[in-house]
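The next block holds one structure in the form of structure tokens; read it before the comments.
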Amino acid sequence: MIRFLVTRLLSLCVSLIAASVVIFCVIEVIPGDPAAFMLGLNANPDTVAALREDLGLTGDALSRYFSWTTGMLTGDFGTSYTYRVPVSELVSDRLLVSLPLAVYALILSTALALPVGMIAAMRRGTLTDVGIMGTTQLGIAVPNFWFAMLLVLLFAVSLRLFSAGGFPGWDAGFLAGLKALTLPAVSLAFPQASILARITRSALLETLNQDYIRTARAKGLTERQTIVGHALRNALIPVMTIIGLQFAFLLAGAVIIENVFFLPGLGRLIFQGITQRDLVVVESVVMLLVFAVVMVNFLVDVAYAAIDPRLRIRT
Amino acid sequence: MKPTPSLITGAILTVFFLSLAGVSYLWTPFPVEQLDIGRKLQPPGSLFWLGTDHFGRDTASMLMVGARTSIGVAILAVGIGIGIGVPLGLAAAANHGSLFDEVIMRGNDLVFAFPALVIAILITAVFGPSAVNAILAIGIFNIPVFARISRGGALSLWTLDYVLAARVAGKRSFRISVEHILPNIANLLLVQGTIQFSLGILAEAGLSYVGLGAQPPTPSWGRMLADAQTMIYMAPRLAVFPGLAIVLMVLGLNLLGDGLRDHLDPRIRRLRQ
Amino acid sequence: MTRVPETKSPAPSPRSTFPPFRASAGLLLEVAGLNLAISGTPILSNVALRIHAGKIIGVVGESGSGKTLTALTVMGLLPPGAATTGSVRMDGQDLLALDEPAMCRIRGNRIGMIFQEPMTALNPVRTIGDQVAETLLIHGMANRGEAVRIARQRLDRVGLPEPEFPLDRYPHQLSGGQRQRVCIALAIALRPQLLIADEPTTALDVSTQAQILDLLLSLVADDGMSLMLITHDLAVVASLADDIAVMRNGRVVDGAPANSLFARDGHPYTRQLLAASQHRPLRASPATEVPATSGDKTEVDIGGVPAERDHRGGDRIAGRRDAATLLRVTGAVRDYALARKGLFRKPPVRRAVDGVSFSLDAGESLGLVGESGCGKSTLARAILGLEPLQAGAITLQGTPVTAVPAVRPSLRRNMQVVFQDPYGSFNPRHRVLRLVSEPFFLNETPLSASDIRERVAESLVSVGLAPDAMEKYIHEFSGGQRQRIAIARALVLRPRLMVLDEAVSSLDVSIRAQILDLLAELQGQHDLAYLFISHDLTVIRAVTDRVIVMKTGRIVEAGETESVLESPTHPYTRHLIQSAPKIPAHWLQETGHGPPPQ
């Protein structure tokens, strides 16, 4: 188990280093002079030089890369050029919106998808199954931002139950904050839940075809006992992969939804950074998101090993 | 074997949108570049089948040309994925366990570690928003998908005796990959291709919705939705049609993919017979 | 595994009633007039079986005979869409009439079942102790602590004692034979009256098979359990069962006490099965002509094998060295790199072939016997130039065969191969013409299309197929026909050496007999040398002149097939021969089916 963890941690570090190199290249090397890029084509060369000095962009690419990465290791993500505040400060503010939104959507999606997928698998071929599969087929096809617009039309414009967007901040009270996040979370969760329900169903059906299910039935287990005692834990392995990927997606991929609902989240921060050519913000936030994705994948791997004893000895 | 209902429905929807896009090159009810404020926000009727938008453009015509944009971007992105991913995957499988294989697989993992949409936004931001950059951004994420699936499929085929028989007949791994492996993973690629196609449609819609896809005046479904959002209180209808178009196109492709998989997978086929 | 159970009654029963089993007290289970259809397709018709308390009934049949589905019907585990008529009575109760909850109370409690594939039969994420205890818990027969204690006892009983096999082992930590023992333990946890074993040893090596069969036999003898043993192998049931039922196409065609089954008046199909399983093709064997020349007892290096172990093999190789040695393997070593233990550590190495030497003459048949993992298939691939050697050399007609650089086409065309799996041997997307003509790739000057067609047709005819088969796809052929096509492909270049890697192992006995005949005939016509790789001693005995016995990568014994199999010198060979189930010789001699006395 310890060797397993060490190997996984090592490969996690390798991924992070590789990712940081790629991000650095895309943002600081490929566009040429980042300071000139940030100020646009008609910038005064003196201003560009001043900005370069200001942002610590002097020196060759290699030394800049090392100062960037070592800075991140000590919590220094640089200073935003547009906001004139440390990026770490910006990020922690935005995380207070994005993280709860992602967790909220993930809870909604998982709580909905797992039981629905299980019911579909257990009643395969029946009308219930066909109905569930049809709905999820639709759910996968719906772009979440369009679904969000429909929700706004229905619940904000027609029924006036929710506001159409914005975030009052957690200072306005937990419930008020939660309410503001509800429509965004639902619109994020519905397509995700559709995917997860289908995965749950097919993983469970796949598992139910295995030889050990027949062994369990030959022992005298009822179909229900077989599913709970033998199929579920094995089927959980592919399901967990998807949950892990979805959490990463929800954290990082909510860009568009945050735009629809005018939420001050991480995704919106990146988007603003890009439109305002604030490369320091973009670079650090993207790195942070990659870190989150890699971390979640790592945790999923560790959870695998907890479920599947075969993985504990393999490296 | 009789095709399943989902295969038929999927094929019909897909062909419908493909021909819509095709016809738009030759004919649309109204020209889409032409703005006519005088006839803005017309309701659907016999003249404007689906009404007009706030610039007086015909929604039906816009949808037809928009289909062209969406499908074009998604197909080319799938093309990039297959064109680069499949040879990489086949080569990795042919040299299973080698350093090359290891590098390809780790490279795949790396691409998967990036939040796809964010990177797509990043690419279009650095290189400027355009349809071509949208294709590149979506295409890059298709490469590891196809590399992984063709490597996996090829690896299971490499253990089969007919590959050994071909080696006994003196054939090299390149020839075997082309002659024996590729035709037998074609089904897999076809099914995955329709899935990536539909994901491409969704991604293109998302990118053009935030203004990073095809640039005006070229109509695209995502852009139409973004425009509609500003008019959501006045003309909610405008937000409905492009969304429906996306849903039906993606639904059609997904049904087609599922149907093809059931139709082509001999394991499932045998069960049904 | 040659002992015959003592419980057998010597007197054969009258064959007037059908099924003609002894009318004895203690009838445990009676299947009568059983018909089964799945989605409208009839599978079983009018199946009748009787199982007596404390007895073993063997159910024998080729693939598709319905033997497994009969067992699943008894268990009430049929796939959806199955419809049955008739009755399955146990203690007067008709199991077919019971509802699902009632059947759940019977399964695992009164009837246990084990399956063919032990590698996948256990839940990979739960411990073996947990899986055995579950049988007890599910039936409410024990509380947690008691169930664990009984699970321990049962695992001890099936030969998995502490401390080597603690309850918290996971299935992946056990071998196939050990997993089958766990399956038996969980099936007998509640001491059921009947245990159904569906091909329990087919996936296992002979020596493991013998141990598992011994275990089953002792469970019957000690615990008074009845056993329904389903198998395709007549020899397995013959050595074990009290009664035997023979099934074919969903019907029971013959049934009798085991010792009278092969009597002269038995059912023709039973006799046909028996004849096929014992079949020895007529062949003009060099072995029967040569012995006179192998007089000189020169001690010869035959690769890492101490000379005293193989005096017979040694002299033959010496005697024929000058004649027409086709293939020579000298000190061959093949290592595989295993998975790395650590990121920066050198991967460990497994030696699959360890200093093997032998030679094969033109027109000769050499058998290569060994259990799975002994390196025989690796050796075959090295001979075909598909895998590099780490040491030693292989020569064909005096020219070295190497994987890197690849063998020259002119040399390669002299050796071809036939594999085990008739389904995986062909690209499903090509027509037979293209499949069979694939070796022509080795021709330096390409043949014309019409020449290719002519040669393919010729080759197909010589394996007993019509020339127009070349226009069809492979899925249009049966397993036996596919193996003929595989032989046609191997034959099309008129090679000198044909490697047959378990080429008849996956075929039913009657098809196997036909293919063996075909191989013998072709050998005579084309002066082919065969390297015949098999785990099956019956097949080796039937078709080879000389045999090599391999164990963990080394040759342990080599010599004339007949003398090695009759009087083995190495303990491992002896063990292999003793482990292989046999039909008791005196039954066969009475009936005139047996091989002629040597």
- Item | Shape of the stretch C:378-432, Cα gyration tensor, a/c cut at 1.5 | prolate
- Message: Please list 3J(HN,Hα) in residue order for the stretch C:451-462, calculated via the Karplus relation 6.51 cos²θ - 1.76 cosθ + 1.60 where θ = phi - 60°; whole Hz, with x for glycine and proline.
- Response: 4, 4, 4, 5, 5, 5, 4, 4, 5, 5, 4, 5
- Which one of B:Tyr209, C:Val237, A:Tyr104 has its Cα pushed farthest toward the positive end of the charge dipole of the protein assembly as shown, where Lys and Arg give +1 and Asp and Glu give -1 at the Cβ? C:Val237
- Item | C:Val353 long-range amide H proximity, modeled H, under 5 Å | C:Arg334
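Pairs A:Lys219/C:Lys55; B:Lys171/C:Lys472; B:Lys2/B:Lys171; C:Lys55/C:Lys551; C:Lys55/C:Lys376: which are spaced more than 31 Å apart, C-alpha to C-alpha? All intermediate terms of the calculation are to be shown ahead of the outcome.
Numbers: A:Lys219/C:Lys55 22 Å; B:Lys171/C:Lys472 23 Å; B:Lys2/B:Lys171 38 Å; C:Lys55/C:Lys551 37 Å; C:Lys55/C:Lys376 39 Å.
Beyond 31 Å: B:Lys2/B:Lys171; C:Lys55/C:Lys551; C:Lys55/C:Lys376.
What percentage of all Cα-Cα pairs in chain A are separated by more than 31 Å?
Numbers: 22614 of 49455 pairs.
When every Cα pair of chain A is considered, 46 percent fall beyond 31 Å.
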- Task: Just report the Cα centroid separation between the stretch A:206-225 and the stretch A:180-204, whole Å.
- Result: 29 Å
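Percent antiparallel among DSSP beta bridges with both residues in the stretch C:440-575, to the nearest 5?
Values: 6 of 11 bridges.
Looking only at bridges with both residues in the stretch C:440-575, the antiparallel portion is about 55 percent.
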- Task: Return the whole-Å distance between the Cα centroid of the stretch B:3-19 and the Cα centroid of the stretch B:107-181.
- Result: 27 Å
- If you build a Gaussian network model of chain B, linking Cα atoms that sit under 10 Å apart, which residue out of B:Ser61, B:Ser46, B:Ser24 swings the most? B:Ser46
- Note on the structure: In nm, the gap between the two label points placed 7 Å beyond Cα toward Cβ at C:Arg280 and B:Phe16 is 7.3 nm
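So what's the stretch A:94-266 giving for Cα Rg divided by 2.2 N^0.38 Å, two decimals? Can you show the working numbers first?
Values: Rg = 18.7 Å, N = 173, 2.2 N^0.38 = 15.6 Å.
Expressed relative to 2.2 N^0.38 Å, the Cα Rg reads 1.20.
Only bridges with both residues in the protein assembly as shown count here: give the DSSP antiparallel percent, nearest 5. Could you put the intermediate results ahead of the total?
On the way: 50 of 88 bridges.
Close to 55 percent.
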- Query: Along its principal axes, what span do the Cα atoms of chain B show, with the longest given first and each in whole Å?
  - Reply: 76, 49, 30
- Query: Per-residue HN-Hα couplings for the stretch C:40-48, Karplus 6.51 cos²θ - 1.76 cosθ + 1.60 at θ = phi - 60°, whole Hz, x for Gly and Pro?
  - Reply: x, 7, x, 10, 10, 9, 6, 7, 10
- Long-range amide H partners of B:Gly213, meaning residues 5 or more apart or on another chain whose placed amide H is closer than 5 Å, are B:Ser208
- Query: Of B:Leu63, B:Leu35, B:Leu26, which has the largest mean-square fluctuation in a 10 Å C-alpha GNM of chain B?
  - Reply: B:Leu26
- Item | Neighbour-count ranking [beta-carbon atoms within 10 angstrom, fewest first] of C:Glu30, C:Glu162, A:Glu28 | C:Glu162, C:Glu30, A:Glu28
- Message: Explain nothing, just compute: Karplus ³J(HN,Hα) = 6.51 cos²θ - 1.76 cosθ + 1.60, θ = phi - 60°, for every residue of the stretch C:58-70 in order, whole Hz, x for Gly and Pro.
- Response: x, 10, 10, x, 7, 4, x, 7, x, 6, 5, 5, 4
- So what is the calculated 222 nm ellipticity per residue for the protein assembly as shown, using -39500 (n - 2.57) for each DSSP H run with n of 4 or more, over all residues, to the nearest 500 deg cm²/dmol? -17000 deg cm²/dmol
- Taking Rh as the Kirkwood radius computed over alpha-carbon pairs of chain C and applying Stokes-Einstein at 37 °C with viscosity 0.692 mPa s, one gets a diffusion coefficient in µm² s⁻¹ of 124 µm²/s
- Task: Identify the chymotrypsin sites (Phe, Trp or Tyr not before Pro) of the stretch B:32-62 meeting these criteria: DSSP loop state and at most 15 other C-beta atoms within 10 Å of the C-beta.
- Result: B:Trp49, B:Phe55
- Message: Along each principal axis of its Cα atoms, how long is the protein assembly as shown end to end? Whole angstroms, biggest number first, please.
- Response: 106, 73, 63
- Item | For the stretch B:73-97 and the stretch B:187-204, distance of Cα centres in Å | 14 Å
- Message: Taking amide H atoms as placed 1.01 Å from N in the peptide plane, list the residues 5 or more away in sequence, or in a different chain, whose amide H sits under 5 Å from that of C:Gly112.
- Response: C:Leu194, C:Leu195, C:Ile196
- Please say if the stretch C:204-288 is rounded, prolate or oblate, where rounded means a/c under 1.5 for a ≥ b ≥ c the square roots of the C-alpha gyration tensor eigenvalues, and otherwise the choice is prolate for a/b larger than b/c and oblate otherwise? oblate
- Note on the structure: Ordered by number, the trypsin sites (Lys or Arg not before Pro) in the stretch A:157-254 that occupy a DSSP loop and have at most 12 other Cβ atoms within 10 Å are A:Arg160
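Of all beta bridges DSSP finds with both residues in chain C, what is the antiparallel percent, to the nearest 5? It would help to have the intermediate numbers written out before the result.
On the way: 48 of 86 bridges.
Once the DSSP bridges in chain C are tallied, antiparallel ones form about 55 percent.
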- Item | Share of pairwise Cα separations in the stretch C:433-494, more than 14 Å, in percent | 49 percent
- Task: Would you please give the FRET efficiency between A:Thr69 and A:Glu89, computed as 1/(1 + (r/R0)^6) with r the Cβ-Cβ distance and R0 = 25 Å, to the nearest 0.05?
- Result: 0.80
- Distance in nm between C:Ala102 and C:Lys472 label points, each 7 Å along Cα→Cβ, equals 4.8 nm
- Please build a GNM for chain B, connecting alpha carbons under 10 Å apart, and tell me which residue among B:Val111, B:Val168, B:Val32 fluctuates the most. B:Val168
- Task: Calculate, for B:Met231 and A:Ala176, the FRET efficiency according to 1/(1 + (r/R0)^6) with r their C-beta to C-beta distance and R0 41 Å; round to the nearest 0.05.
- Result: 0.90
- Task: Pop the C-beta distance of B:Asp109 and C:Ala83 into the FRET formula with R0 = 45 Å and round what comes out to the nearest 0.05.
- Result: 0.35
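Just so you know, all these numbers are worked out from the coordinates, no wet-lab data involved. All of these numbers come straight from a predicted model, not from anything done at the bench. Every residue, glycine among them, receives a Cβ derived from its backbone with ideal geometry; neighbour counts consider all protein chains shown.
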